2 protein chains.
Amino acid sequence: MKTEGLSEAELDARHADKMRKKKEARAKILATKTVEKGLLMVHTGKGKGKSTAAFGVVFRALGNGMKVGIVQFVKGRWETGERVALDKFGDQVTINTMGEGFTWETQDRQRDIAAAKAAWEKAKALIADDEHQLVVLDELNIVLRYEYLDLAEVLPVLANRPPMKHVIVTGRNARDELIEIADLVTEMEQVKHPFRSGVKAQKGIEF
Amino acid sequence: MKTEGLSEAELDARHADKMRKKKEARAKILATKTVEKGLLMVHTGKGKGKSTAAFGVVFRALGNGMKVGIVQFVKGRWETGERVALDKFGDQVTINTMGEGFTWETQDRQRDIAAAKAAWEKAKALIADDEHQLVVLDELNIVLRYEYLDLAEVLPVLANRPPMKHVIVTGRNARDELIEIADLVTEMEQVKHPFRSGVKAQKGIEF
């Protein structure tokens, strides 16, 4: 479709027509979407934003009055800001930080495995209860990748969760079997990163 | 590297050694990252999580005591939860919602252009001031794509922002010239979406 040489009025008219059709098409599609269910969401990929987007959903859910459970399978140093922000919502949020740091910090495989198993017990309770509408399993993918938890134990719990329970799983290298049972999978791809030009992680923004 | 046939003790020892080396390598890399600067971040791609990850960064920044300015270039119906959550932080947050809905809702190109220009004036003020450390320009990419704002006017303002000012730009179809001047670009790729199986957007989670 050529737009060069058209007057502003012609562009406006064409725009109005195109947008009217778009709205109609959208309404038709939306009318077919009627199923309500708890979603299993996976944020994976090598880019930034996997846990950050999960925290964004958490704050949206909290703002909507929902109760949220969070299990952090790997404790990083960058949760200070989130913790302070989550504390504003009092007992609307339940947080379990079970990991003891990144695996290269602990350098202790048996301790990592024990921490992962303890975290998974907390996760199972949050998934099963009638109280929390959203459960975030932050960095579960890493724990599954290192085989600290058995995929055969984790998958049925996620697949057979209560019908309206929303679950978000984050971490790079999501297992194929998890992607298979998920409702929504987003891959965060890193296009450009400031590390490459010697810029360090910026407090308040990246941690 | 073969791990089959190794005892648990051998696996543990190998793990400890590997993680020790990883920690050393990491420390060496981190030592070279010394630059502190405000980051220009772009969240683009067709997947979900672009605005949500920006809101995640907003809450992290708020939790760290920073002041945050938000300009929404396209007003959607899904900000109720975020608004309630942001209100918890009182005057730490400045929000300007200038768009009047998606372009297929207004169907009025001239009104969209006027709204985009008004929003950009607010954005320029937030970028220039000494008060807000983080500015989110939500869906600016859409407005640039439709050419409601002139790229030649927007780019210099972003490129020449105050040195410690962090800016996040969201929206699909980020212009190449914007990616060129950005510090951090993440592309959210949609791998799987519940819409395909007739599931509607779930309140509290997706809006």
How about segment A:127-207: which strands (runs of 3 or more DSSP E) wholly inside it have at least 1 residues that are under 27 Å from A:Arg83 (Cα atoms) and among the polar types (S, T, N, Q)? A:166-170, A:184-192
Of all residues in segment B:33-42, how many are of a type outside the set (Ser, Thr, Tyr) and facing chain A (nearest Cβ under 7 Å)? 5
Filtering segment B:84-112 for residues that are modelled with pLDDT under 90 and more than 13 Å from B:Ile70 (Cα to Cα) leaves a count of 14
Which one of these does A:Thr186 not meet: (1) more than 9 Å from chain B (Cβ to nearest Cβ); (2) under 16 Å from the mean Cα position of the chain (by Cα); (3) of a type in the set (Ser, Thr, Tyr)? (1)
Go through (1) hydrophobic (A, V, I, L, M, F, W, C); (2) out of contact with any Asp or Glu (no Cβ under 9 Å at 6 or more places or on another chain); (3) closer than 15 Å to A:Ala53 by Cβ one by one and return the number of the condition A:Ala159 breaks. (3)
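Every residue, every condition in (1) out of contact with any strand residue (DSSP E or B) (no Cβ under 9 Å at 6 or more places or on another chain); (2) of a type in the set (Gly, Ala, Ser), yes or no:
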{"residue": "B:Asp12", "(1), (2)": "yes, no"}
{"residue": "B:Leu39", "(1), (2)": "no, no"}
{"residue": "B:Gly49", "(1), (2)": "no, yes"}
{"residue": "B:Ala61", "(1), (2)": "no, yes"}
{"residue": "B:Ala85", "(1), (2)": "yes, yes"}
When you scan segment A:1-94 for helices (runs of 4 or more DSSP H) that lie fully inside it, which ones turn up with 1 or more residues that are under 18 Å from the mean Cα position of the chain (by Cα) and of a type in the set (Lys, Arg)? A:50-63, A:80-87
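The values are calculated or read from the model by the stated rules, or taken from the named source; none is laboratory data. Treat the numbers as computed from the prediction; the structure is a model and nothing was measured. All Cβ positions, even for glycine, are placed from backbone atoms using ideal geometry, and neighbour counts span all protein chains on display.
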